[in-house]
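All remarks here apply to the structure that follows.
No lab work stands behind these numbers, since they all come straight from the coordinates. Not measured: the values here are computed from a predicted model. In this analysis, Cβ positions are derived from the backbone assuming ideal geometry, glycine residues included, and neighbour counts consider all displayed protein chains.
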Amino acid sequence: MVGSYAVPDWLGRFKTDYHRGRLSAAGLAEIEAVAVKAAVVDQTLAGVDVISDGELRRDNDMDILLCAIGGIEVGGERKRDFFDYLDASVRGPLAAVPGIDTSRLLDELAFARRLTAKTLTTSLPGPFSLSRQIRRDGEVCEGDLVRSIARATNVACKALVAAGATHLQLDEPRLAGYPEHVGLALEAVNLATEGVDAHVALHVCYGNRFARPAWEGHYDFLFPALESARVDEVVLEFARKGFDDLRLFARSSSSIEVGVGVIDVKRPEVEPVEVVVGRLREALRVLPPERVVVNPDCGLRHLPAESARRKLAAMVEATAVVRAEVLGERPPVREDGAWATT
């Protein structure tokens, strides 16, 4: 999983009711708990190896740290829709290492941990993308703001690891829109991951708000900065865009794992298993299997629930087929009892 899971219509309506004062915080918490349980079950039944809590307690990809880092002021009008971003600003430079309230992150992890023995991944907003969501009032240096956020994120990452997290992911959905800032963004990633004893992934996509890309382009802007990034894996979208950019990683001196997006999250139509198998074979013509991690292009937040379930099932079945080819594992059995062959 890249992070988010399909948000049921009823959950979105209850979240908006809460922001408009029609539902209590306690009532919303109970409803979110039900949604998280369902998301964990869906991923487990699909057979996904590394799952998430679906980020269903979060309104969007940024608010959780906007509210947590000391010195970031959150205010303005009440949200009209749960998915809106909070109005966030800074009036002056943040502390070099701002205080950060990690309680929500730790609560999310603890709750999900009680639901499953599977490997869990926890996502956090990347420092650069988070900084683009903050209005700078007064004399505030962009670089200093990003670095301060990164150091606060480092505190959060270490707190999650101390609480049992083994897989963390930093989301940088806005980086593709500002490729000239890749040096600063990856400097911040290294600050955020310094001393963090976990498998750390960096997710870079072209935006997925309302299931639409915000930018287009190629991943060549990540190099050579990515080669010095303190991460174990980079998670990218390929299903929608094609696999040409994967060759950038084959030519790189880095041995970083590549999370290869093989499921298009911007279309509700479910890819046939054989299509996903073809995408995986294409990836393996470029990279060795030990560097390939299989995932959707991005989070599944904007997909209908049934589509999300079926897409994950197709991804898992396709992966099993290719594992059988490449690693000699026994191929999966289809629902009709026949061996899966493609």
Going fewest to most other Cβ atoms within 10 Å around each Cβ, His199, His167 line up as His199, His167
Checking rank on 308-314, 65-71, 76-82, with mean other Cβ inside 10 Å and highest first, the result is 308-314, 65-71, 76-82
PRE zone check, label point 7 Å out along Cα-to-Cβ of Arg91, amide N under 12 Å, scope the stretch 135-178, hits 137-138
Here the relative contact order (percent) of the stretch 9-327, from C-alpha pairs under 8 Å and at least 6 apart, is 13
For the pair Ala214 and Leu327, the simple spin-label estimate (label points 7 Å beyond Cα toward Cβ) gives in nm 3.5
Taking placed amide H atoms and a strict 5 Å upper bound, the residues 5 or more places from Gln169 or on another chain that come that close are Thr122, Ser123, Leu124, Ala201
Sorted on mean Cβ neighbours within 10 Å (highest first), peptides 203-209, 99-105 come out as 203-209, 99-105
Taking 265-274, 212-221 and ranking on average Cβ neighbours within 10 Å, highest first, one gets 265-274, 212-221
Rh (Kirkwood, all Cα-Cα pairs) for the chain, Å, reads 20.6
Total charge of the residues flanking Ala198 in space, meaning their Cβ is under 15 Å from its Cβ, with Lys and Arg +1 and Asp and Glu -1, is -2
Flagged as over-length at 29 Å C-alpha distance, from Lys118/Lys266; Lys79/Lys118; Lys37/Lys158; Lys37/Lys79, the pairs are Lys79/Lys118
